[in-house]
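Values in this text are rule-based calculations from the coordinates and carry no lab data. Note that this is a predicted model, so its numbers are computed, not measured. Note: ideal-geometry Cβ built from the backbone for every residue, glycine included; neighbour counts use all protein chains shown.
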Amino acid sequence: MDSKVLKKVEGKYYKNLPNVNVGDTVELHLKIKEGNKERSQVFKGIVISIRGVGLSKNIVVRKISYGVGVEKIVPLHSPELEKIKVVKKGNTRRAKLYYMRERVGKKAMKVKAGSEREIWIEGTEEAEGEEKVEEVKNEETKKEKEETKEKKDK
């Protein structure tokens, strides 16, 4: 089909939306129908993926709800989407943030540019616990190295 005809037909369905990028924290105001009533529900989360072009453009928004990761795929120009509010701009180096699916707790809501390492504040209980875990891992690797040396010597 001719692209001019498509633009003319699709033109009335486009919405004026803010610029949403991967890594942004957004609030989606969605229309929910319950029986004969209709209400608005807010879904707040991080945009982990954007795909499609034009009217078929979709975003995938992820949030943690009661310890369980929840993702919604929302068409941007859908009539069920009332509005999008960008709460916080994200700074990422990736086009898709699928690695966020493996994160739990506070880590699941942190989007950092480039670095996926966590920086612990010294003196906190979590930092002390992490140091102990690292010490145990270091001791285990030392033992493994010694065992391999002994095997080589024999």
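Students often get this wrong, so check it: of Lys12/Lys72; Lys8/Lys72; Lys33/Lys106; Lys4/Lys57, which have C-alpha atoms separated by over 21 Å?
The answer is Lys12/Lys72; Lys8/Lys72; Lys33/Lys106.
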**Message:** Sort 14-23, 29-38 by packing, meaning the average of other beta carbons within 10 Å per residue, with the highest value first.
**Reply:** 14-23, 29-38
**Message:** Take Ile32 and Thr148, extend 7 Å from each Cα along the Cα→Cβ direction, and tell me the distance between the two endpoints in nm.
**Reply:** 5.4
**Asked** So what's the net charge close to Ile50: Lys and Arg +1, Asp and Glu -1, counting the other residues with Cβ under 11 Å from its Cβ?
**Response** +2
**Prompt:** Mean separation of Cα pairs under 8 Å and 6+ residues apart, divided by the residue count of the range 3-116: what relative contact order is that in percent?
**Reply:** 28
**Prompt:** With labels modelled as points extended 7 Å from the Cα through the Cβ direction, what inter-label distance (nm, one decimal) is found for Val70 paired with Lys89?
**Reply:** 2.9
